[in-house]
Amino acid sequence: MVRELALFWLVLLGFLVVDSCLLLTPGGEALRLDARGRPRYRPGLRLQLLRRESAWMNPLNPWDRLLPTPLALGALAPGQPARERQRLRALLRAVAPLHALALVYLLGLGLLGLLSWRAHAGLVLAALLSLHLLLWSLSAGLVLWRRAPLGLTGGQAAALLFEALLVPAYTLNLGKRLLRRHPSSLPALGLGLHEWRALRRRDPAAAQLLAVQLRGRLEELEQEGAAGAQLAWLQQARQRLRAPTS
């Protein structure tokens, strides 16, 4: 019985981990949203999955959120970050209750995981099913209520909610899954360069670390075959970061 219980919880966790992966489009990147919902770019570990680069979120933190962007290279336009924050404001208000429900779901799963080693397995499964149906129902109500700011048609909302009904991990990650449907227009490295310039005045040590990370990512993109205007911008960015020229 111990083996079956361990396998059950591992499968549940596996679905949650896999669903916390964001597959990047060719030439794209991922921006991480901070606690105030502002997009930030921090170069991180990239893994190859299904022949595409992927970025990962913490599956146990509902507020660890990634936003895809189709643009890795390029300069920020004047006022572009402010316009992006304005665009995201209503969307983030709409998904915030879903993140809170995900936290409740995680706490409930943790409690049931502890009880599963002492209580009868049938009772634990019944409690898990009840928890899932309750939180799915609340999440479904929120999605249908805020369908307009979430940018969903009736069919899209129904498809997402049906998937979430079948897979508990999808209910847990419903807020994150909805955010993925709204790619950012900010060029990731351009945003990173903008953040580096701001950090130089406030925290030189953090700015130096970010510069090292940005240079490494720029070198990777150059090796991947950046060309034309993107290559020119990349080389200018490396000069601004005081990177050695090759």
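Quick check on my filter: what residues within region 153-199 are surrounded by 20 or more Cβ atoms within 10 Å (Cβ to Cβ), of a type in the set (S, T, Y) and more than 19 Å from V18 (Cβ to Cβ)?
The answer is S184, and nothing else.
Give me the pairs, please: first residue somewhere in region 221-243 and farther than 13 Å from G190 by Cβ, second residue anywhere and surrounded by fewer than 18 Cβ atoms within 10 Å (Cβ to Cβ) and of a type in the set (D, E), beta-carbon distance under 9 Å, and either six or more positions apart or on two chains.
Between residues of region 221-243 that are farther than 13 Å from G190 by Cβ and residues that are surrounded by fewer than 18 Cβ atoms within 10 Å (Cβ to Cβ) and of a type in the set (D, E), the close pairs are L231/E222; Q235/E222; R238/E219; R238/E222; A243/E219.
Do we find that R242 is over 30 Å from L13 (Cβ atoms) and either out of contact with any helix residue (DSSP H, G or I) (no Cβ under 9 Å at 6 or more places or on another chain) or in a loop (DSSP other than H, G, I, E, B) (or both) in this structure?
In short, yes.
Those residues that are touching a His at 6+ places or on another chain (Cβ under 9 Å) and at pLDDT below 95, I need them from region 76-107; list them, please.
Those that are touching a His at 6+ places or on another chain (Cβ under 9 Å) and at pLDDT below 95: L76, P81, R87, L88, L91.
Yes or no, residue by residue, for (1) at pLDDT 90 or above; (2) surrounded by 14 or more Cβ atoms within 10 Å (Cβ to Cβ); (3) over 25 Å from the mean Cα position of the chain (by Cα):
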{"site": "R201", "(1), (2), (3)": "no, no, yes"}
{"site": "L214", "(1), (2), (3)": "yes, yes, no"}
{"site": "E219", "(1), (2), (3)": "no, yes, no"}
{"site": "G228", "(1), (2), (3)": "no, no, yes"}
{"site": "R242", "(1), (2), (3)": "no, no, yes"}
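Looking at (1) outside any strand (DSSP E or B); (2) touching a residue at least 60 places away in the same chain (Cβ under 8 Å); (3) of a type in the set (A, V, I, L, M, F, W, C); (4) within 25 Å of W196 (Cβ to Cβ), which one does L22 not meet, given that it meets all the others?
All conditions are met except number (1).
The values are calculated or read from the model by the stated rules, or taken from the named source; none is laboratory data. Since we're looking at a predicted model, the values are computed, not measured. Cβ: placed from backbone, ideal geometry, glycine included. Neighbour counts: every protein chain shown.
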